[in-house]
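I have placed the structure first, in the form of structure tokens, so that the comments after it can refer back to it.
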Amino acid sequence: MSVRRLAEDQFQPAAFAFNDENAAWADKTIQKYPAGRQQSAVIPLLMRAQEQDGWVTRAAIEKVANMLDMAYIRVLEVATFYTQFQLGPVGTRAHIQVCGTTPCMLRGSEGLMSVCKSKIHHHPFERNAEGTLSWEEVECLGACVNAPMVMIGKNTYEDLTPERLAEIIDTFDAGNGASVTPGPQIDRHFSSPEGGPTSLTDEEPKKKAPAKKVATDAATAKVDAAPVPPSEAARPKSTDAETNAALKTPVTAPKAAATNAKAVEEQPGVAAPVPATAKPSLTDKNRPAGIEKPATPDDLKLISGVGPKIEGTLHELGIFTFAQVAGWKKAEREWVDGYLNFKGRIDRDDWVKQAKALAKGGEAEYIKVFGKKPR
């Protein structure tokens, strides 16, 4: 855990006092605890002091200690231990806490931090020139399914993009933070799936047959049913080597597979296995045009879905630059997809869009488009 200390003396006020409303609230809160246990109110009182002044000052710590009959050092230990307490001045209009834990990081929190660095200050806990904004990176904020997210005050703002966070920051800086609706910033209700629920909808559930009727039908079916082909679940799987001749004797696998296929064809209602699709021809008209290897080829591994092996195969095909990939038409994508045996992966990972961003402005443009670094 990092060392946390109080702000320098130049920032510390000479005294602290709760306003009338907060003073009444503090007295009522202390009374919630039994005699001799009033010190348990230390965290709520410190939090209320922070909400009043924006951060926890030395004077506030001493005030709370006196109210609870505690040594100053004991209250200081609490304030410096919990990172929810701000120990220095923060933005007067907004202090943005950006979650940087794994789920948010994988969903683009680094892009959110880049926005904070550019619009507020390069370093966390440093305020902007006007003193109205500040930011920091924090641990999990508890809405991982809606990642990435930030917290401002007591409210969280989820499902963010860098562009949306920039809009929110500008709104708070203009003094209109109350107009921003907390929670998901996309078409999602709390943590429901995007686009609406997919289960437990209002559709009428199918009525189950009475148990007695089900039992009678099952008994009748058992007597009258003729032998049927094995179900998909009962067929030999790749792990059934002891019962699957094609797996047990690889040398004769083609012959065994042919025999099995013929047997399957003879069984009514059972489809014959589909043979593996051959790679498209290298002379096919839809093969993307290749080029000579340039002196400094692009790092194609920056495209999500391209590893060292795939990059080597693309080089063999004469594909060395992002611009080449960015120009692939549908037929060319399908040819490469078939050659790599990817079954639609190129479109699912959107290689073309990634390559266009990288060709246009490198990693900076990629972050602008996708909200995260490539790879």
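The protection proxy used here, the mean number of other Cβ atoms lying within 10 Å of each residue, ranks peptides 7-17, 48-58 as follows, highest first: 48-58, 7-17.
With a cut-off of 12 Å between beta carbons, the residues surrounding Lys28 carry a summed charge of 0, where Lys and Arg count +1 and Asp and Glu -1. Look at the dipole of the range 9-81 built from charges on Cβ: of Pro13, Gln39, Ala79, the Cα furthest out on the positive end belongs to Gln39. Net charge near Ala355: determine it from the other residues with C-beta under 14 Å of the C-beta of Ala355, scoring Lys and Arg +1 and Asp and Glu -1. So the surrounding residues net to -2. As a proxy for reagent exposure, ranking Met67, Met105 by other Cβ atoms within 10 Å from fewest up yields Met105, Met67.
Averaged over every viewing direction, what's the projected area of the C-alpha convex hull for the range 300-370? Give it in nm², one decimal, please. If you can, show how the numbers build up before the last one.
Working: hull surface 16.9 nm².
Projected area, direction-averaged: 4.2 nm².
Rg ratio for the range 58-130: its Cα radius of gyration over 2.2 N^0.38 Å, N being its residue count, equals 1.46. What is the Cα centroid distance between the range 2-59 and the range 361-375, reported in whole angstrom? Using only Cα atoms, the two centres lie 43 Å from each other.
In terms of the mean number of neighbouring beta-carbon atoms within 10 Å, the peptides 186-194, 140-148 order highest first as 140-148, 186-194. All other residues whose Cβ lies under 11 angstrom from that of Glu126 are scored, Lys and Arg at +1 and Asp and Glu at -1, for a net of +1. This model, with +1 at the C-beta of Lys and Arg and -1 at the C-beta of Asp and Glu, gives the range 9-81 a dipole about its Cα centre of some 280 debye. Cβ crowding within 10 Å ranks Arg345, Arg37, Arg333 as Arg37, Arg345, Arg333, fewest other Cβ atoms first.
Taking other C-beta atoms within 10 Å as the exposure proxy, Leu340, Leu314 rank Leu340, Leu314 from fewest upward.
Compute the length gained on full extension between Val145 and Lys117: take 0.36 nm times their separation in residues and subtract their Cα-Cα distance, giving the result in nm to one decimal.
Gain on extension, Val145 to Lys117, equals 7.6 nm.
Counted over the range 94-184 with a bin width of 5 Å, the fraction of Cα pairs per bin, in whole percents, is 3, 16, 29, 27, 18, 6, 1.
We did not get these values from a lab; they are worked out from the coordinates using the rules stated. As the structure is a prediction and not an experimental result, all values here were calculated from the model. Every residue, glycine as well, gets a Cβ built from its backbone with ideal geometry; the counts of neighbours run over all protein chains shown.
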